[in-house]
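Okay, so here's the structure we're looking at.
Only the coordinates and a few stated rules stand behind these numbers; no lab work does. Being a predicted model, the structure only gives us computed values, none of them experimental. Counting neighbours? That spans all protein chains shown, and the Cβs are built from the backbone with ideal geometry, glycine included.
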Amino acid sequence: MSEVYKRKYTFGEDYGTSDYKFGPITLGERPEVIENRGYFPDTSSIMFKLMGVKKDVIVGKDLAVHLGSREELTSHLVYPMRKGVVDRGDEKAWKVIYEITRYGLDFFRQSDPDFKGFYVCAALSAIAPRYMYEKIFEIHRKIDEETKLIKAVTIIPQPLAVAIAHKVPTCIVIESGHGNTQVCPISRYPVKGAMVVLNRGGSDADALTSQILYDAGYSDIAKEEALVRRIKEALGLVPRKLDEAVEVAKQKPELFRAKYRVPGTRIEVDLGKESWARFLIGEYVFNPKHEIFKSYFKRGMPKPKDVKVGEILFRGMLDLGESVIESVEKCPIELQPYLYGKVLLSGGNFHWRAPPQFREVAVDSATKLKLLLAEKGVENVTVEVAPEPKFSVWRGCIIYGYAVPEDYTWSWDNMEGWLRIHD
Ligand SMILES: Nc1ncnc2c1ncn2[C@@H]1O[C@H](COP(=O)(O)OP(=O)(O)OP(=O)(O)O)[C@@H](O)[C@H]1O
Ligand SMILES: [Mg+2]
């Protein structure tokens with residue numbers, strides 16, 4: 001047992017608002033990914049019975065083939081998390097969390113006779129309330145009763161996982177996924193009182209992209225969420241300075257021309273003269289306060305609002321530079337230079353690259369954040385984007401799960417250690 005065992009059977013789980021990333025240590029760098037959603041088919045329908053579908057919730061890779069009409073989707077398709085949080089009493093949502101967790105573990109069922117269950121390290125949002133920890137433990141207990149796949153479970157906050165994946169004990173982590181953004185100082189542990197959370201993530205850039213597509217005459221495509229997201233990822237650019245980038249792009253429309261061919265179809269999106277708008281997408285992720293966005297809000301694009309989820313206030317419109325400063329300044333002054341000394345960006349919403357042909361005006365996420373901080377008088381900052389930003393939480397789970405000794409038992413006071421599931 002012990003190290004040798006854990007080197008094979010440590011298992012990471014990252015519960016994201018859009019994607020669930022999971023898998024054992026033996027995968028190396030990349031986890032498996034499925035969407036964090038479940039489809040509740042109409043169990044009374046004859047087709048359903050004829051097709052022999054036994055489950056009342058469908059999750060995972062072949063979910064898409066079960067989908068019905070668009071109208072039906074809204075009532076039958078459940079995304080269980082909002083801003084990384086599952087409501088306490090939302091039974092359907094918890095059912096989906098149970099199913100994706102079960103799916104993930106079953107996916108890696110082992111035949112090795114030495115296998116006695118995984119050491120599972122799950123990551124939740126840093127603002128996840130205690131009842132979510134209790135529920136996640138309970139779900140794993142139940143799955144183990146049915147499958148014997150789990151030996152022990154632990155849960156860590158996502159920003160801590162990122163810090164662990166990078167092996168830096170003192171830093172600021174900005175984890176920006178699809179639904180929300182967590183700015184979290186780490187000084188061995190997350191400094192919870194200094195966290196700043198934003199009611200913004202990749203989904204907001206999707207909303208803007210949808211509006212841009214609509215304006216360019218692609219009103220049908222603008223409604224297809226999954227497609228809009230892919231177009232955003234392919235065409236969006238982060239400007240060094242928005243006004244300059246737009247000007248240059250307008251002068252050289254061919255160089256900046258934004259075209260996207262939808263794989264497997266005849267559809268091509270071409271922004272033509274409006275291609276400069278691709279810079280809006282990247283700017284919006286970092287700074288939705290730029291005045292250019294006002295006209296979009298006026299025309300009905302949802303404006304990120306301040307919202308309270310439980311006790312936590314999610315801020316809508318802070319730019320990312322301000323968010324970092326606010327978070328750092330809630331920490332002891334002595335600690336502040338060390339925090340600015342290492343800012344780690346993780347989450348898919350930071351996966352922006354600056355293609356070489358656009359280098360004059362487009363930048364990567366780290367450079368953009370540095371510029372925003374410099375504007376506010378913060379210099380000498382080191383900012384790094386995680387090499388595979390979507391997966392750094394999962395990698396942190398694996399490293400943590402592997403490192404924490406088996407006999408270190410879970411404590412609700414420290415919120416760390418293993419909760420034994422079976423011997
Ligand atoms: N290359 C890319 N360029 C821009 N955005 C990207 C890229 N790759 C992924 N994204 C965006 O990142 C988001 C998903 O990131 P991630 O998987 O970290 O989120 P999540 O963990 O599901 O959600 P959350 O952390 O908010 O709960 C999506 O909005 C996606 O469009
Ligand atoms: Mg995430």
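Suppose we keep only residues that are under 15 Å from Lys368 (Cα atoms) and in contact (Cβ under 8 Å) with a residue 60 or more places away in the chain within the range 319-332. Which one would you say is nearest to the chain's Cα centre (by Cα)? Out of the qualifying residues, it is Leu320. Does the range 169-183 include one or more residues that are within 27 Å of Val4 (Cα to Cα), more than 13 Å from ligand 2 (Cβ to nearest atom) and not in a helix (DSSP H, G or I)? Looking for residues that are within 27 Å of Val4 (Cα to Cα), more than 13 Å from ligand 2 (Cβ to nearest atom) and not in a helix (DSSP H, G or I), one finds at least one in the range 169-183, hence yes.
Out of Gly217, Gly236, which single residue is without any contact (Cβ under 8 Å) to a residue 40 or more places away in the chain and either of a type in the set (Lys, Arg) or away from ligand 2 (no atom under 16 Å from the Cβ) (or both)? Explain how you work it out, then say what you get.
Details: Gly236 fails: without any contact (Cβ under 8 Å) to a residue 40 or more places away in the chain.
It is Gly217.
Collect the residues in the range 142-168 that are part of a strand (DSSP E or B), hydrophobic (A, V, I, L, M, F, W, C) and within 16 Å of ligand 2 (Cβ to nearest atom), keeping them in residue-number order. Selection gives Ile155, Ile156. Within the range 203-245, the residues that satisfy the criterion of being of a type in the set (Gly, Ala, Ser), outside any loop (DSSP other than H, G, I, E, B) and within 22 Å of Leu372 (Cβ to Cβ) are Ser203, Ala205, Ala207, Ala245. Restricting attention to the range 333-360, the residues that are more than 16 Å from ligand 2 (Cβ to nearest atom), of a type in the set (A, V, I, L, M, F, W, C) and either part of a helix (DSSP H, G or I) or more than 19 Å from Glu233 (Cβ to Cβ) (or both) total 5. Residue count for the range 9-38 under the criterion of being crowded, with 22+ Cβ neighbours inside 10 Å, more than 14 Å from ligand 1 (Cβ to nearest atom) and more than 19 Å from Val153 (Cα to Cα): the result is 1.
Does Val248 satisfy the condition of being in contact with an Asp or Glu (Cβ under 8 Å, 6 or more places away or on another chain), farther than 22 Å from Ile221 by Cα and not in a loop (DSSP other than H, G, I, E, B)? Here the answer is yes, as Val248 does meet what is asked.
In the range 272-312, which residue that is of a type in the set (Lys, Arg) and surrounded by fewer than 23 Cβ atoms within 10 Å (Cβ to Cβ) is farthest from Lys376 (Cα to Cα)? Give the derivation first.
Residues of the range 272-312 of a type in the set (Lys, Arg): 273, 278, 289, 294, 298-299, 303, 305, 308.
Going one step further and asking which of them are surrounded by fewer than 23 Cβ atoms within 10 Å (Cβ to Cβ), we end up with 273, 289, 294, 298-299, 303, 305, 308.
Working: Lys273: 34, Lys289: 15, Lys294: 22, Lys298: 28, Arg299: 31, Lys303: 24, Lys305: 23, Lys308: 27 Å.
The residue in question is Lys273.
Taking (1) more than 16 Å from ligand 1 (Cβ to nearest atom); (2) within 30 Å of Trp410 (Cβ to Cβ); (3) among the hydrophobic types (A, V, I, L, M, F, W, C) in turn, Ala216 satisfies each apart from (2). Scanning the range 326-382 for residues that are within 13 Å of ligand 1 (Cβ to nearest atom) and of a type in the set (A, V, I, L, M) yields Leu345, Ala354, Ala362. Give all pairs with beta carbons closer than 7 Å in which a residue from the range 79-92 that is within 17 Å of Gly201 (Cα to Cα) and within 16 Å of ligand 2 (Cβ to nearest atom) meets a residue that is among the basic types (Lys, Arg) and part of a loop (DSSP other than H, G, I, E, B); count only pairs at least 6 apart in sequence or on separate chains. Going by the 7 Å Cβ cut-off, the qualifying pairs are Tyr79/Arg37.
Which of the residues spanning the range 220-229 are more than 16 Å from ligand 2 (Cβ to nearest atom) and in contact (Cβ under 8 Å) with a residue 24 or more places away in the chain? Reasoning before the result, please.
As a first pass, look at the range 220-229 and keep what is more than 16 Å from ligand 2 (Cβ to nearest atom): 220-228.
Hits for the range 220-229 are Ile221, Leu227.
In the range 372-387, is there at least one residue being farther than 25 Å from Trp352 by Cα and part of a loop (DSSP other than H, G, I, E, B)?
Going through the range 372-387, the residues farther than 25 Å from Trp352 by Cα turn out to be none.
No, because not a single residue in the range 372-387 is farther than 25 Å from Trp352 by Cα and part of a loop (DSSP other than H, G, I, E, B).
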